[in-house]
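Working notes, structure below.
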Amino acid sequence: MSEPQFPQPSLRSQLVQRLAEPRLWDLAIIGGGATGLGVALDAVARGLSVVLVESHDFAKGTSSRSTKLVHGGVRYLAQGNIALVREALHERATLLHNAPHLAQPLPFVMPSYHWWETPFYGIGLKAYDALAGKAGLGATEFLSRGQVLQCLPTAQAQGLKGGVKYWDGQFDDARLALAIGRTAAARGALLLNYCAATDLVHDQAKVAGLMCEDRETGRVYRIQARCVVNAAGVWVDEFRQKDGDALSRPVKPMVAPSQGVHLVVDREYLPTDHALLVPKTGDGRVLFAVPWLGKTILGTTDTPRNDLAREPDPFCEEIDFILTEAGRYLAKAPTRADVRSVWVGLRPLVKPPDEEGESTKALSREHTVLVSRSGLVTVTGGKWTTYRAMAEDVLDQCFKNIISKGIRPKVTANLKLVGAPPDGVSLSVSAPPGPHLYGSERALLASLPGADIELGGGLTEAMVRFAARYEYARTVEDVLARRSRLLFLDAALARRLAPRVARILSSETDADPQTVAFEALAGRYLLDLGHNA
């Protein structure tokens, strides 16, 4: 395979033309979140031909709405799930190495307000270090009261006994998803957003491809593939049901969605590059306060849902919980009026199905890969940190059950993603957004028209052009929610900038920028919290 060329233009007319060509793909993937994009990169890096379709924008769902942490899972250590923690810690190091412009180490501090908390949590975190081994990011330290306040200047001082400092990672989830997808595209994968898979194609009781519809033109395409991977996240059961209906077989749902809510406040509430972690609040839940792109993220919740809304709203009690608990551990309690943005992510909690004749491989308590009797490969569950390992597990099943080309060597463990700067270059995801997030593509960004014209919030005209030319952006939401993260940082500012972003997009693409729809969406991220656009 020839050396990949970066950056790869994302001209939609060329992408659609490739989609229309009659051919047999090795792999067709439904879903452009972290999992689907990870599978696409793993497959194309091993020499397979790959097409991926996404009904909305890449990382539109769960993959852009995480707590922005690259972590091994401290809570799983407490549950005794050593294998899962060890795998996640290994993948944490791999991710930070392959995308250092988008993922970096982050120190966490657990403040102790009872005498037993420091030794209790400290011993567990020492074990966390031991499991990480050479992949560790820094040694766990026991802190005095004064040292905690040096790390967390705005922590509640009253009753503070000391604390524990340990290391995990943080990242920009949506931009990392784009980097994974763009790296796959540079190696020959065909990726198309706003192209919805509408049905599966069967031939003699076997999945032989899928039908999809270009949501911009309404044109329908038939994709033929040796293997179809269902990586639609919380929506995987929709395609499992289509598979079952086509073959008159019953299908039980395998996903029970849960939602996590995050609130964003100004950095003054936690003016530090250390994160605050409360492992057990009054009702047993975990509370984070994480520095991210110049703001502070407060969260998160874990609330069951029965619906699968694309834009789920938070429950009032979730907002109240986060604000109340944050007020217990921060010297200045944030209020609703202080919240700059609220976002909600649905998490696919897995209930492995047990239909007769289906082979299920529960590869961990976090994610599940299932191969149906028709050959449809479904993957769901998991977390961002282990996206690469999940992709390897999926490809193992594809090679084993469907693709008769022989298993190819795994290569993504040391595959740098597009934009990765040379080793040793130090960047920060905690700092306000800017050109540094483009890594090695920063010079190209600076060469585009409008590189010196800032629209607001660190977003320049050139960044909008870059998003349209190289990052598949079609709408104002694509730019302000996922190429830039302004919607997640300051929804009122994002709404004000929408018309200017739309004008630039219109000069770069033939798509409707959907300005009015975005302005309505931004209002939901404000939730009438007292901001005026």
Expressed in nanometres to one decimal, the distance between label points 7 Å along Cα→Cβ at L11 and A337 is 5.3 nm
Whole-percent carbon and sulfur contribution to the accessible surface of segment 25-76 (1.4 Å, no ligands, DNA or RNA) stands at 50 percent
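Answer rounded, prolate or oblate for segment 426-533, using the Cα gyration tensor with square roots of eigenvalues a ≥ b ≥ c: rounded when a/c is under 1.5, else prolate when a/b is larger than b/c, else oblate.
oblate
With n ≥ 4 as the cut-off for DSSP H runs, can you work out [θ] at 222 nm for the chain, using -39500 (n - 2.57) per run divided by the number of residues, rounded to the nearest 500?
So the calculated ellipticity at 222 nm is -9500 deg cm²/dmol.
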Compare the Cα positions of A413, L143, V429 along the charge dipole of the chain (+1 at Cβ of Lys, Arg; -1 at Cβ of Asp, Glu; about the Cα centre) and return the one farthest towards the positive end. A413
Cα-based Rg/(2.2 N^0.38 Å) for segment 1-125, rounded to two decimals, is 1.47
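Taking only protein heavy atoms into account and a 1.4 Å probe, give the accessible area per residue of segment 147-263 in Å².
Working: 4050 Å² over 117 residues.
For segment 147-263, the per-residue accessible area is 35 Å².
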If the reach is capped at under 15 angstrom between alpha carbons, list the aspartates and glutamates near K295, excluding any in the same chain fewer than eight residues apart. D172, D266, E268, D273, D338, D490
Work out from phi, with θ = phi - 60° and the Karplus expression 6.51 cos²θ - 1.76 cosθ + 1.60, the ³J(HN,Hα) of each residue of segment 205-221, listed in order in whole Hz, and give x for Gly and Pro. 6, 10, 5, 10, x, 8, 9, 9, 10, 5, 6, 8, 10, x, 6, 9, 10
Contour minus Cα-Cα distance for F315 and Y113 (0.36 nm per residue): 69.8 nm
Quick one: putting +1 on the C-beta of Lys and Arg, -1 on the C-beta of Asp and Glu, what dipole do you get for segment 137-271 around its Cα centre, in Debye to the nearest 20? 320 debye
Of all accessible surface on segment 390-493 at a 1.4 Å probe, what whole percent is carbon and sulfur? 51 percent
Taking 32 Å as the cut-off for C-alpha to C-alpha distance, list the pairs among K383/K410; K165/K383; K332/K416; K68/K206 that go past it. K332/K416; K68/K206
Y113 long-range amide H proximity, modeled H, under 5 Å: K161
Approximate spin-label separation R524-L427, in nm, with each point projected 7 Å along Cα-to-Cβ: 3.0 nm
First check a/c for segment 48-88, with a ≥ b ≥ c the square roots of the eigenvalues of its C-alpha gyration tensor; if it is under 1.5, answer rounded, and if not, answer prolate when a/b is larger than b/c or oblate otherwise. oblate
Taking R0 as 51 Å, what's the FRET efficiency between F120 and L308 from their Cβ-Cβ distance, rounded to 0.05? 0.85
Expected unfolding gain across A196-A135 under the 0.36 nm per residue rule, minus the alpha-carbon gap, is 18.0 nm
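Roughly how many debye, to the nearest 20, is the charge dipole of the chain about its Cα centre, given +1 on each Lys and Arg Cβ, -1 on each Asp and Glu Cβ, and no other charges?
On the way: 61 positive and 58 negative charges, 165 e Å.
With Lys and Arg at +1 and Asp and Glu at -1, about 800 debye.
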Could you work out how far apart the two model spin labels at K161 and R219 are, taking each label as a point 7 Å from the Cα in the direction of the beta carbon, and quote it in nm? 6.7 nm
What is the gain in length, in nm to one decimal, between E454 and R249 on full extension, counting 0.36 nm per residue of separation less the C-alpha to C-alpha distance? 68.2 nm
Quick calc, segment 9-96, dipole around Cα centre from Cβ unit charges on Lys, Arg (+) and Asp, Glu (-), nearest 20 debye, gives 240 debye
Of G31, G61, N81, which is farthest on the positive side of the dipole of segment 30-97, counting Cα position, with +1 on Lys and Arg Cβ, -1 on Asp and Glu Cβ, and the Cα centre as origin? N81
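The values are calculated or read from the model by the stated rules, or taken from the named source; none is laboratory data. None of the values given here were measured: they were computed from a predicted structure. So basically every Cβ, Gly included, is an ideal-geometry build from the backbone, and we count neighbours across all protein chains shown. With ligands, DNA and RNA removed, areas are computed over all heavy atoms of the protein, side chains included. Shrake-Rupley method; radii C 1.70, N 1.55, O 1.52, S 1.80 Å.
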